[in-house]
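Just so it is clear, none of the values below were taken in a lab; they were calculated from the coordinates. Remember, it's a predicted structure, so these values are computed and weren't measured experimentally. Positions of Cβ are generated from backbone atoms using ideal geometry, with glycine treated the same way; all protein chains shown enter the neighbour counts.
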Amino acid sequence: MKILKLLLSISLLIPAISIGQKIDNMASFRDIKSNNYFRFHYDNDYFTSTDKDYTQGYNFELVAPELIKNPINYLFIKPKKSEKKYGIALEHIGFTANNIASDQIQFGDRPFAAVIMLKSFSIATDTINKSRIVSSLNLGIIGPGAFGGDMQTAIHQATGNTIPLGWYNQIKNDAVVNYEISYEKQLLRFHDFFTVQTNATLRLGTLFTNASVGFNATLGIINSPFTSVRDKNKFQLYCYSQPMINAIGYDATLQGGFFNKKSVYTIPANEMERFTLQNNFGIVLQYRWLFLEYSRSLLTREFSSGSSHKWGGIRIGFKL
């Protein structure tokens, strides 16, 4: 018990730390008690008064019973005795250097990069052992084909902000094929008010190859994501914190495409930070069919000449 209290204290107090997957809707504290829902997520560093590094991301997510027929599901880990959900998502993420107004290569800074992906995923929950396995496959493209420059330019023109000129030097087009598996286990639960879970994630592919370990804690009025009971509390309001450490093998948004080596500027392998830290924290409101969340993320530098970064995000979901 003393160890768990110490871990919780660290999770609530830990400061600027770093990066795994930019958009993660699969963590247990984001669970929606339904096999049929839609959720939209939007990230932007505007929420933290910055405009650099991971600058924007969005995700459209659909979970539906009909998606059990998706042939990609055969690639996922789904223990027989677990309760299963199946979903698809469209995801777009963008990265820029610090000075978006410059049309020159900014050596020592992050390359401009954009990624768009279609994700298939499954969530398998073991209600006996209070654990869950999430598997996903991302297929997409990194590079100009992901239209990150066009999108950021249009947004900045509409809002009267600085027009980004550095996208000419962005990471070149390449294929994205990424497989991910996450395991989460509940360690402690105190009634419907407090929980602690441990988690581990492995990502392999042409976009991200890394591994993460950490834990998360929730505090407030909550339902358990590890039980079959649906909506015990019609109204949920809770905060969460999710610190983790990551071991980085490959990051195409920094090092360039896995197959296409013609990008004009990338971060050399010997300048990559191989171990990074990250903390995601936020507040969630769920009432009947509605899901609302505001989140913040803090991270350490990802390469030797980089700097720490932070961003915010919002999620809106609806049971169908």
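Among the aspartates and glutamates, select those whose C-alpha is under 15 Å from the C-alpha of Lys78, and discard any that sit fewer than 8 residues away in the same chain. Here the aspartates and glutamates satisfying the reach criterion relative to Lys78 are Asp126, Glu180, Glu184. The angle between the Cα long axis of helix 2-13 and the main principal axis of the chain comes to about 40°, on a 0 to 90 degree scale. Note on the stretch 137-207 and the stretch 83-114: Cα centroid distance 7 Å, given to the nearest whole angstrom. Using a Förster distance of 51 angstrom, determine the FRET efficiency expected from the C-beta separation of Asp192 and Lys261, and round it to 0.05. That pair, Asp192 with Lys261, gives E of 0.45. Listed by Cβ neighbour count within 10 Å, with the fewest neighbours leading, His191, His309, His92 appear as His191, His92, His309. Given the choices (i) 91, 44, 31; (ii) 56, 44, 39; (iii) 78, 58, 38, Cα extents along the principal axes in Å derived from the coordinates of this structure is entry (ii).
Please work out the FRET efficiency for the pair Asn129 and Ile181, using the Cβ-Cβ distance as r and a Förster radius of 25 Å; give the result to the nearest 0.05.
That gives a FRET efficiency of 0.90.
Using a cut-off of 19 Å between Cα atoms, the listed pairs Lys119/Lys185; Lys80/Lys232; Lys84/Lys185 include Lys119/Lys185; Lys80/Lys232 as exceeding that distance.
Ordered by the number of other Cβ atoms lying within 10 Å of each residue's own Cβ, fewest first, Ser308, Ser120 fall into the sequence Ser308, Ser120. Distance between the pseudo-spin-label points of Ser304 and Thr162 (7 Å out from Cα toward the beta carbon): 2.7 nm.
The string of couplings for the stretch 144-159 from the Karplus curve (6.51, -1.76, 1.60, θ = phi - 60°) is x, x, 8, 6, x, x, 4, 5, 5, 4, 4, 5, 5, 5, 5, 9 Hz, one whole number per residue in order, with x for Gly and Pro. Relative contact order for the chain: 21 percent, from Cα pairs under 8 Å spaced at least 6 residues apart, divided by residue count.
Computed extension gain for Arg296 through Leu219, at 0.36 nm per residue and net of the alpha carbon distance, reaches 26.1 nm.
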